[in-house]
Amino acid sequence: MLTRDQYKPLLERTKEPRRFIQVIAGPRQVGKTTLALQCMENAGMIHHFASADESSDMSPVWIDQQWEAARIKGDNKRVLLVLDEVQKINNWSQAVKKNWDKDTKDKRQVKVVLLGSSRLLLQEGLTESLAGRFELLLLPHWSYSEMKKSFNYSPEEYVWFGGYPGAASLVKDPARWKDYVLHSLIETTISKDILMLSRVDKPALLRHLFELGCAYSGQILSYNKMLGQLHDAGNTTTLAHYLKLLDSAGLLTGLEKYSHKQIRSRASSPKLQVRDTSLLSVFSKMSYKEVRQRPEIWGRHVESAIGSHLVNSAVAGGYDVFYWREGNDEVDFIIRKKGSVIAIEVKTAAKQKLPGLTEFTSRFSPNKMLLVGDEGLKWQDFLKMNPGELF
């Protein structure tokens, strides 16, 4: 049985008296459904599971029907209702609110777990209709520790193959692994979780932006330069919106520049960062073995792995992730939590100068400076850490 670090906390919550709706959001194929089913089987109560992925009815009536089925199964006893891909149902949050409030009034013990792969749409519905009624669990890509525990990944394998558990059985067959990531993960996510559920006037531009972001992961690129690379007559506002959609789907994010002034930070050129390193590797023209023999290219993959680890751990760790650059001075990652600031530089090559850290320290006096690489904390050890514990 494969279980994630979040398994026990979720199982404990399902066994508690009825207080909140449990909402699990995260990218496709990171184990949301498996996690919920394992909790459902071990919660020790009657249960009912349904997935909107398997329904042709996208109206709120579908939620009403599944909810009533759970009530009938429960027969006034405690019952666990799990609804998967709930964000695909029109006005889903209003239907959930109506049924939850009815059960509250009737004193029915229907425990509810909602799953969804579009974090943006889920959070919009939660804040609009379900304020005060839910707890949100964001499930990111699998960490190195989880992949090592379940599939015996080495740190190097994790850097290349990433944190998708479904792809782990295919790593010995590079062609099949690549086909699985491209079609079962990337294409399904873009077509089902973005294009079908959000307004995208230029789907080709969104796809090209994603591929560009993967190719430039770890690099700072202005929106105007992106438009030049994409050869599209779009505008920077459209690109920023598409990047937000890609981030919500767990594919690609754009880190903001660190600044004391939040407005200035949001107006900065983003540092592109894949949410999982498999998304960088799958578009590489070189093989895993070839990249391992090219220190400069391999170093870029390692830096992206550190970046994705920081980004994916940010919510649970309660911190924000930035980069910093001024002129020729640059620091790879800045993490901030309640006023505490830590500067992190990733250097896989020996005896590299660090003028960026020196300049950043003189300007901002961070609480900590951390060098990740051969001359500091080994990157392999950093991937084992919980970055939130650095504060």
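The values are calculated or read from the model by the stated rules, or taken from the named source; none is laboratory data. Small disclaimer: the values here were computed from a predicted structure and weren't measured. Cβ sites come from the backbone with ideal geometry, for glycine too, and all protein chains shown count toward neighbours.
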* To do: Test Ala95 against the criterion of being touching a strand residue (DSSP E or B) at 6+ places or on another chain (Cβ under 7 Å), of a type in the set (A, V, I, L, M, F, W, C) and outside the structural domain of Ser150 (by TED's automatic domain parsing), and give yes or no.
  => no
* Asked: Got at least one residue in the stretch 296-306 being under 22 Å from Ile186 (Cα atoms) and in contact with a Leu (Cβ under 6 Å, 6 or more places away or on another chain)?
  -> yes
* Please specify each residue of the stretch 5-43 satisfying the condition of being polar (S, T, N, Q), outside any helix (DSSP H, G or I) and either at negative phi or assigned by TED's automatic domain parsing to the domain that holds Ala167 (or both). => Gln6, Gln22
* Structure fact -> In the set Asn90, Asn76, the lone residue that is under 23 Å from Ala249 (Cα atoms), at pLDDT below 95 and not in a helix (DSSP H, G or I) is Asn90
* **Boolean, Arg71 is modelled with pLDDT under 85, farther than 30 Å from Ser278 by Cα and assigned by TED's automatic domain parsing to the domain that holds Asp103** => no
